[in-house]
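Here is the structure we will look at, set down as structure tokens.
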Amino acid sequence: MIKLAYVINYITNNGPSRVVLDIIKYLNKEKFDISLITLLPENDAEIIDSLQRSGIKIYECKTLSRVKCLQGKCKEFNKIIGDNLFDIIHSHGIIPDILSSRVKISAKKVSTIHNNMFEDYLDSYGYIKSRIFIALHVAALKKLDLCVCCSESVYDAIKRHLANITYIRNGIEPVKVRSVVTREELGVPSSARLFLYAGALNTGKNVVWLIKNFVKYHNNDEYLLVLGQGDRESECHIAADGHVKLLGFQSDPAAYMQISDVYTSASRSEGFSISVLEAISMGLGLLLSDIPSHREIIDICKDTYLGETFAYEDFEDKMGLLRQNSSRLCKDKISAFQKKVLSAQRMSLLYQQKYEMRER
């Protein structure tokens, strides 16, 4: 069997974790002996328990921090690697990639790049820190055997910096609704066109801008639900009108997707948004900012109308086009596209093929 170890900061219900969990779910368990190594004490205990029950070996580092890892003070991680003769190490994120690049072992080293670091790090850390983190991350990735971008658009952004690079688009399991939410309890008419955003309320996601422009251009029968928390939350409340419902963090966003018509995001940068994939798995149309990863989703769907992408100057026009084409938004066709092209099973199979190539 091929001994395969995934390395991630922590496992929870976020984007990179979902990718790891979905890859694992569909791996051939007769070919792969699977381990998961987490670096930081922020795991979701329920997910860890579920993985252990399914036979996945779990190694939870208890003594590490982000600073220690960057400083090379990572004896606990090194011991886990040294005690196990892994054939492949698959890291996810800047810290796991750096640690993987430093260990001197014969294992093949694979990374998934989950974002466009040139945009995302700048938004998150500012100019000076982002330059440092980009340099550290690219240097680490160059030492690995294979870097897999989560989308073609991320691949296009970083390919000139790395020779050992390819891409596999994120895929997901169809979203399952765990609770019931009604339009009536939210104060939304049953006949209204309902838009939804789910995610962080921060500068990078550009939610304040989205709310302001929705308020400026929405029709009387259009409403926007906003799910999430973040440091721009108070500004979101100030910008909202009676057609915008700020609902805070929700543990079951699929329940709100089920009653919505269109998923919208004005994000400045995305790798390959799990939230957008969840939305199309529920059959929602899309109204998305015109960034490469959003265009990629629209462009790869040749036979079904998914929606529109907007630039800052044409939000009103693109909302108008979406209204004109609303009869073409077919929930069944949209969800069928996700299941066929952007499924977790397809993603996992493509990774498995890369692992097997690494072992030849």
What FRET efficiency comes out for the pair THR203/ASP145, r = Cβ-Cβ distance, R0 = 51 Å, nearest 0.05?
0.90
Cα point-scatterer Debye curve for region 274-360, base-10 log of I(q)/I(0) at q = 0.17, 0.24 Å⁻¹:
-0.73, -1.18
The chain, accessible surface, carbon-and-sulfur percent (1.4 angstrom probe):
48
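For GLU184 and LYS57, what does the FRET efficiency come to when R0 = 45 Å and r is the distance between their Cβ atoms, rounded to the nearest 0.05?
Values: r = 48 Å, r/R0 = 1.06.
About 0.40, to the nearest 0.05.
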Please report, in Å, the Rg and the Dmax of the chain, where both are computed over Cα atoms only.
21.0, 64
If the cut-off is 20 Å between C-alpha atoms, which lysines fall inside it for LYS212, apart from same-chain ones fewer than 8 positions away?
LYS245, LYS318
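Could you compute Rg(Cα) / (2.2 N^0.38 Å) for region 136-223, with N its residue count? Kindly include the intermediate steps, with their values, before the conclusion.
Working: Rg = 20.3 Å, N = 88, 2.2 N^0.38 = 12.1 Å.
Normalised by 2.2 N^0.38 Å, the Cα Rg of region 136-223 equals 1.69.
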So with the 1.4 Å probe, I'd like the accessible area per residue for region 200-248, rounded to whole Å².
45
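What shape does region 33-96 have by the C-alpha gyration tensor, where a ≥ b ≥ c are the square roots of the eigenvalues, rounded means a/c under 1.5, and otherwise prolate means a/b greater than b/c and oblate the rest?
Working: a/c = 2.00, a/b = 1.32, b/c = 1.51.
Judged from the Cα gyration tensor, region 33-96 comes out oblate (a/c at least 1.5, b/c at or above a/b).
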Taking the Cα centre of each part, how many Å lie between region 273-326 and region 73-99?
39
Taking only Cα atoms of region 30-180, radius of gyration then Dmax in Å:
16.6, 51
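Going through region 1-88, which GluC sites (Glu not before Pro) have at most 13 other Cβ atoms within 10 Å and a DSSP loop state? Could you put the intermediate results ahead of the total?
Values: sites: GLU30, GLU42, GLU46, GLU60, GLU76; in loops: GLU30, GLU42.
For GluC sites (Glu not before Pro) across region 1-88 that sit outside H, G, I, E and B with at most 13 neighbouring Cβ atoms in 10 Å, the list reads GLU30, GLU42.
For region 226-310, which trypsin sites (Lys or Arg not before Pro) are both in a DSSP coil and crowded by at most 10 other Cβ atoms within 10 Å?
LYS302
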Find, among the trypsin sites (Lys or Arg not before Pro) in region 131-203, those assigned to loop by DSSP (not H, G, I, E, B) with at most 15 other beta-carbon atoms within 10 angstrom.
LYS143, LYS176, ARG178
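So what is the 222 nm mean residue ellipticity for the chain from helices alone, if each DSSP H run of at least 4 adds -39500 (n - 2.57) and you divide by all residues, rounding to the nearest 500 deg cm²/dmol?
Numbers: 16 runs with 158 residues, N = 360.
Taking each H run of at least 4 residues, the total per residue is -13000 deg cm²/dmol.
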For a Förster distance of 45 Å, can you work out the FRET efficiency between the beta-carbons of ALA192 and LEU349, rounded to the nearest 0.05?
0.65
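The values are calculated or read from the model by the stated rules, or taken from the named source; none is laboratory data. Predicted, not measured: the structure shown is a model, and the values here were computed from it. Heads up, the Cβs are rebuilt from the backbone with ideal geometry, glycines too, and the neighbour counts pull from every protein chain shown. Please note that ligands, DNA and RNA were not included when accessible areas were found on the heavy atoms of the full protein model with its side chains. Shrake-Rupley method; radii C 1.70, N 1.55, O 1.52, S 1.80 Å.
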